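The values are calculated or read from the model by the stated rules, or taken from the named source; none is laboratory data. Here the structure is a predicted model, which is why all the values come from computation and not from measurement. Here the Cβ is made from the backbone with ideal geometry for all residues, glycine too, and neighbour counts use every protein chain on show. Accessible surface areas use protein heavy atoms only, side chains included; no ligands, DNA or RNA. Shrake-Rupley method; radii C 1.70, N 1.55, O 1.52, S 1.80 Å.
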Amino acid sequence: MAKIGILGGGFIGRFYAESLSGRRGKDTVEVVFSRRQESASRFAKDYNVPYYFTDMEEAVRHAEAEVIVIALPNYQHEEAVNLCVKHKKAVLCTKPLGRNAEEALRMMTACEEAGIFAGYLEDLCYTPKFLKSLTSIQTGAIGRILWAKSRETHPGPHSDWFWDANLAGGGAILDMGCHCIEISRSFIGKDIKPVEVMCWADTQVKPIDAEDHAIGLVKYENGAIGQFEVSWTFRGGMDLRDEVMGTEGTIWINSWLRTGFEMFTSGAGDGGYVVEKAESSSGWQFPVGDEAHELGYTNMFIDMFNAFEQAKQPSETFYDGYVVNSIIDAAYRSARSKQWEAVQLPVWRGQTGLTKPSVFKDYDADHWLIKEEILPNGDKKLILKQKQTGEILEIEDLKD
């Protein structure tokens, strides 16, 4: 059983409380911190939390807070982590870990040196569809991964600090690219080193200093490519989609807008909340049966608290958060320079010195097989490459 203190009484803190209450059957939220008295007391009442504070350190050091869950704005993450280090409390931090890789590395190092448990709350790496896809990939169902693409777009975040580049550390890339990068990184292999990034970013709609739309490519040492698409300008709700292409197959995932649950309403009834980032309570709606579970929160906390009890590392660690921040830093540099920018990783714990492996398929001793295709009339056509000369050949196997 874990006794939990949540730092943050807003949107994400409430999602976390919903996910924790009664899910594993034995974890309880005992303490909550919020900057405003009204928010703290209301959160405590809504989730039956016995202790609430407007002083962060009081919440962290409270005897009933065994594990601290950070659900705070980006600019408060390091302060909260340092308080956990000071009071020797296990810590789980929401994404992104830091506003940049320097912050993330300091937090990771502080926790490791203090010997405290630290988990990175990257919920979209725990969705049911992601976990099922990852299992298929790890068992070789679609071969070697060549390309992994992740997209998250919606009309924009829910709190004022997100829109302030100084407080948040960036715009849509930092807010949502952190999800997309870690999803692709997981599919490609988290021990495969990201080496450089090419990124386009712009402010297309919102009157802010940060980017509201971006597309990036992340090149990995083994030749694989990760792609992220993020936007605060997308209309129609939240769009979460992933695609993975391997040498032996393909996976497509639609996690939000098209999940088999669609509803039309004229707007009758009391309207209200439908699902995260929904823009209207009339017309065609796309509800989600169990929102917290479909977003990965329940599986995420099961993994975190099981790992905490068993004194092992969770699937998502502060190290993962640091690597993601490092890739994001390279993306911002590329968006400014319009060039490929190297990912700077002074601490790297994966494989090194990889090259792109050959997956050429032999047709016979003298030829590579490029393509085999059945034509509409049933004939078979083979496209071959002569190994010595490089000549491309076409062979037809005529149907009798």
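Compute the angle between helix 297-310 and the longest alpha-carbon principal axis of the chain, please, reported from 0 to 90 degrees and rounded to the nearest 10.
Approximately 80 degrees, to the nearest ten.
Under Stokes-Einstein, with the Kirkwood radius over Cα pairs standing in for Rh, what whole-number D in µm²/s applies to the stretch 97-218 at 37 °C and 0.692 mPa s?
So the translational diffusion coefficient is about 200 µm²/s.
How much net charge surrounds Leu83 when only other residues with a Cβ under 9 Å from its Cβ are counted (Lys, Arg +1; Asp, Glu -1)?
Around Leu83, the surrounding residues sum to +1.
I'd like the carbon and sulfur percentage of the solvent accessible area for the stretch 1-109, probe radius 1.4 Å, heavy atoms only, ligands and nucleic acids excluded.
44
Helix-only mean residue ellipticity at 222 nm, the chain, DSSP H runs n ≥ 4 weighted -39,500 (n - 2.57), per residue, nearest 500. What is it? Don't skip to the end; give the middle numbers.
On the way: 11 runs with 114 residues, N = 400.
Counting only the DSSP helices, I get -8500 deg cm²/dmol.
Say the cut-off is 19 Å between C-alpha atoms; which of Lys193/Lys219; Lys132/Lys312; Lys219/Lys312; Lys95/Lys193; Lys132/Lys190; Lys95/Lys338 go over it?
Correct reply: Lys132/Lys312; Lys219/Lys312; Lys95/Lys193; Lys95/Lys338.
With everything on Cα atoms, drop me the angle between helix 37-46 and the longest principal axis of the chain, reported from 0 to 90° to the nearest 10.
With both axes taken from Cα atoms, the answer is about 70 degrees.
What distance in nm separates the two pseudo spin-label positions at Arg258 and Trp200, each 7 Å out from Cα along the beta-carbon direction?
2.3
Need the full-extension length gain, Arg35 to Leu131, defined as separation in residues times 0.36 nm minus the C-alpha distance. One decimal, nm.
Between Arg35 and Leu131, full extension yields an extra 31.0 nm.
Suppose each label sits 7 Å from its Cα in the direction of the beta carbon; what would the Glu113-Met1 distance come out to in nanometres?
In this crude spin-label approximation the distance works out to 3.6 nm.
Multiply the residue gap between His87 and Asp46 by 0.36 nm, knock off their C-alpha separation, and tell me the result in nm, one decimal place. Each step should come with its number before you reach the end.
Details: separation 41, 0.36 × 41 = 14.76 nm, distance 2.76 nm.
Here the answer is 12.0 nm.
Consider just the alpha-carbon atoms of the stretch 97-141 and return their Rg together with their Dmax, both in angstrom.
Both quantities, over Cα of the stretch 97-141: 15.0, 41 Å.
Among DSSP bridges having both ends in the chain, what percentage is antiparallel? Round to the nearest 5. The partial results should precede the final answer.
Numbers: 51 of 78 bridges.
Percentage antiparallel, nearest 5: 65.
May I ask you to give the solvent-accessible area per residue for the chain, in square angstrom, as obtained with a 1.4 angstrom probe?
Accessible surface, normalised per residue, equals 46 Å².
Starting from 0 in steps of 10 Å, tell me what percent of the Cα-Cα pairs of the stretch 1-141 lands in each bin.
Taking every Cα pair in the stretch 1-141, the percentages come to 12, 41, 32, 12, 3, 0.
Can you tell me how much longer the chain between Asp366 and Thr54 gets when fully stretched, taken as 0.36 nm per residue apart minus their C-alpha distance, in nm with one decimal? Before the final figure, lay out each step's value.
Values: separation 312, 0.36 × 312 = 112.32 nm, distance 7.42 nm.
Length gained, Asp366 through Thr54: 104.9 nm.
What nm distance separates the two modelled labels at Ser282 and Gln351, each placed 7 Å from Cα along Cα→Cβ?
Here the modelled spin labels are 5.6 nm apart.
Looking at the calculated P(r) for the chain, what percent of the C-alpha pair distances fall above 28 Å?
Percent of Cα pairs beyond 28 Å in the chain: 52.
How tilted is helix 11-20 with respect to the longest principal axis of the chain? Cα atoms for both, answer in degrees (0 to 90, nearest 10).
90
Could you pull the Cα extents of the stretch 1-75 along its three principal axes, largest to smallest, in whole Å?
Dimensions of the stretch 1-75 along the principal axes of its Cα atoms: 30, 24, 24 Å.
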